[in-house]
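Asks: First the structure, then my questions, so here it is.
The values are calculated or read from the model by the stated rules, or taken from the named source; none is laboratory data. Note that the coordinates shown come from a computational prediction; the quantities given were computed from them, not determined experimentally. Virtual Cβ from ideal backbone geometry, glycine too; neighbours counted across all protein chains shown. To get the accessible areas, we keep the full protein, side chains included, count just its heavy atoms, and leave off ligands, DNA and RNA. Shrake-Rupley method; radii C 1.70, N 1.55, O 1.52, S 1.80 Å.
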Amino acid sequence: QVRVVESGGGLVQIGGSLRLSCSASGSIFNVNDMAWYRQAPGKQRELVATITSGGTTNYPDNMKGRFTISRDNVANTIYLEMDSLKPEDTAVYYCAADVTAGYGSGRAWYWGQGTQVTVSS
């Protein structure tokens, strides 16, 4: 069984910063790519950033500049540093991990429950 858990969300002022964390745990043989997504009220879930096990990062064009994804492979943990936050960044932020599970259980994407980020004055 694999668990993915996010933390670090909360209420932040406009222009502020916030750091999210996400850890994968359980019966894991290897964690491959990991990613952050977000879903604002009434909108579709959108990709924020991805990172490979080798540390290669990728951001959609509309996410470049204010978001930084990083990774600790030993801890199977990724982070999302968010700067200069705007009200439109308000969303539930989800973490996803491409995991090769232990004991020959195969490879699949696992999702966390999400963490709420609210940007307000």
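Asks: Against the definition (basic (Lys, Arg) and free of Cβ contacts under 8 Å to residues at least 60 places away in the same chain), how does ARG66 come out, yes or no?
Replies: When the stated conditions are applied, ARG66 passes them.
Asks: Return yes or no: is LEU11 touching a strand residue (DSSP E or B) at 6+ places or on another chain (Cβ under 9 Å), surrounded by 13 or more Cβ atoms within 10 Å (Cβ to Cβ), in contact (Cβ under 8 Å) with a residue 40 or more places away in the chain and aliphatic (A, V, I, L, M)?
Replies: Considered against the rule, which asks whether it is touching a strand residue (DSSP E or B) at 6+ places or on another chain (Cβ under 9 Å), surrounded by 13 or more Cβ atoms within 10 Å (Cβ to Cβ), in contact (Cβ under 8 Å) with a residue 40 or more places away in the chain and aliphatic (A, V, I, L, M), LEU11 comes out as no.
Asks: State whether the residues of the stretch 81-88 include one that is more than 17 Å from GLY9 (Cβ to Cβ), touching a Leu at 6+ places or on another chain (Cβ under 9 Å) and modelled with pLDDT of 95 or more.
Replies: Within the stretch 81-88 (the criterion being more than 17 Å from GLY9 (Cβ to Cβ), touching a Leu at 6+ places or on another chain (Cβ under 9 Å) and modelled with pLDDT of 95 or more), the answer is no, since none of the residues qualifies.
Asks: Going through the stretch 1-23 one residue at a time, which ones are in contact with a Gly (Cβ under 9 Å, 6 or more places away or on another chain) and of a type in the set (A, V, I, L, M, F, W, C)?
Replies: VAL2, VAL4, VAL5, LEU18, LEU20, CYS22
Asks: Give the residues of the stretch 14-53 that are open to solvent by 20 Å² or more (accessible area, probe 1.4 Å) and of a type in the set (Val, Ile, Thr), sorted by residue number.
Replies: ILE14, ILE28, THR50, THR52
Asks: From the residues in the stretch 111-121 that are of a type in the set (Gly, Ala, Ser) and not in a strand (DSSP E or B), which one is least open to solvent (accessible area, probe 1.4 Å)?
Replies: GLY112
Asks: Another question, then. Condition first: surrounded by 13 or more Cβ atoms within 10 Å (Cβ to Cβ) and farther than 19 Å from PRO41 by Cα. Now tell me which residues in the stretch 85-110 satisfy that.
Replies: Residues satisfying the conditions are ALA96, ALA97, ASP98, VAL99, THR100, ALA101, GLY102, SER105, TRP109, TYR110.
Rundown of residues vs (1) under 15 Å from ASP33 (Cβ atoms); (2) in a loop (DSSP other than H, G, I, E, B); (3) among the aromatic types (Phe, Trp, Tyr), yes/no style:
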{"position": "LYS43", "(1), (2), (3)": "no, yes, no"}
{"position": "ALA49", "(1), (2), (3)": "yes, no, no"}
{"position": "GLY55", "(1), (2), (3)": "yes, yes, no"}
{"position": "SER70", "(1), (2), (3)": "yes, no, no"}
{"position": "ALA75", "(1), (2), (3)": "no, yes, no"}
{"position": "GLU81", "(1), (2), (3)": "no, no, no"}
{"position": "SER84", "(1), (2), (3)": "no, yes, no"}
{"position": "GLU88", "(1), (2), (3)": "no, no, no"}
{"position": "VAL92", "(1), (2), (3)": "no, no, no"}
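Asks: Let me ask something additional. Output the residues belonging to the stretch 62-84 that are acidic (Asp, Glu) and either surrounded by 13 or more Cβ atoms within 10 Å (Cβ to Cβ) or in contact with a Lys or Arg (Cβ under 7 Å, 6 or more places away or on another chain) (or both).
Replies: Across the stretch 62-84, the qualifying residues are GLU81, ASP83.
Asks: Something else about it: Does ARG71 satisfy being in contact (Cβ under 8 Å) with a residue 12 or more places away in the chain, closer than 17 Å to SER23 by Cβ and of a type in the set (Lys, Arg)?
Replies: yes
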